[in-house]
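All remarks here apply to the structure that follows.
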Amino acid sequence: MSLYRDEAIVLRTHKLGEADRIVTLLTRRHGKVRAVGKGVRRTTSRFGSRLEPFMHVDLQLSTGRNLDIVTQAETLGPYGRAIAEDYALYTVGTVMLETAERLVEAEHEPALQQYWLLVGAVRALATREHTPGLVLDSYLLRALAVAGWAPSFADCARCGEPGPHHAFSVQSGGAVCGRCRPPGSASPAPETFALLAALISGDWVVADASAERHRGEAAGLVAAFSQFHLERRLRSLPHVERV
């Protein structure tokens, strides 16, 4: 039996038998891992509470034939309770976990950038550093960029003509000039383009100072862009409260 250690964010869990749980993890060095937590649903479990969604943990696992087995778990970031107790945080966080699992499809293939991006987003959510909706939209844009679908919010996404431009096309990859603009493109406000650029670059001074109507417009564009490139609907996204 081979043992290994890794850090991870818990993405999802479901029951196995009477007392066990299958845990889906995004790890620092091994990418996505599915493992069994034996006996973690018993009240006497030593680390059952550490294997809940949103928890940031240091794990020891043993390799198994089909699923690995969690043998030790230590808390690095106790984000689970803070997020689960607040409906707005929980719904936003669930979209993040679902997106991470969708983007990192293959198991045991390193996805270091996606790992650190998710850790930072979950931490920001749990500690309420910024408005939950802004944290979500920033995470979605950055995660898609890491996966190879970086949107443009200045230069034309089709021909590269320098911006600013006044149209946004999900299918084209972002801002589009008047010549490249396909039918049905959105026409966001200039402030919305500025907010989107701030969210993907991490300029929180600009993002936090944005007006509510521009946040709402940006959220709609981010949702459409995300679901287009993920090729199917994010099941948890309709539950997010936008206030």
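The values are calculated or read from the model by the stated rules, or taken from the named source; none is laboratory data. Quick caveat, the model's predicted, so the values are computed rather than measured. Neighbour counts run over all protein chains shown; Cβ positions are idealised from the backbone, glycine included. These accessible areas exclude ligands, DNA and RNA; they are computed on the full protein's heavy atoms, side chains included. Shrake-Rupley method; radii C 1.70, N 1.55, O 1.52, S 1.80 Å.
What to note about this one:
- Subset of the range 73-92 (residues that are surrounded by fewer than 16 Cβ atoms within 10 Å (Cβ to Cβ) and among the hydroxyl-bearing types (S, T, Y)): T75, Y87
- Residue among S62, S49 that alone is modelled with pLDDT of 90 or more and of a type in the set (S, T, N, Q): S62
- Yes/no for A82 being in a helix (DSSP H, G or I) and over 28 Å from F228 (Cα atoms): yes
- Helices (runs of 4 or more DSSP H) enclosed by the range 153-243 - at least 3 residues per element that are without any contact (Cβ under 8 Å) to a residue 60 or more places away in the chain: 190-201, 212-230
- Count of residues meeting criterion [open to solvent by less than 70 Å² (accessible area, probe 1.4 Å), assigned to a strand (DSSP E or B) and under 17 Å from L103 (Cα atoms)] in the range 25-53: 6
- Whenever a residue of the range 98-120 is farther than 18 Å from D58 by Cβ, its partners that are assigned to a helix (DSSP H, G or I) and basic (K, R), lying with C-beta atoms within less than 7 angstrom and at least six residues away or across chains, give the pairs L117/R142.
- All positions within the range 93-150 that are charged (D, E, K, R), open to solvent by 20 Å² or more (accessible area, probe 1.4 Å) and part of a helix (DSSP H, G or I): E98, E101, R102, R123, R142
- Matching residues, the range 15-24, being over 22 Å from L89 (Cβ atoms) and part of a strand (DSSP E or B): K15, L16, D20, R21, I22
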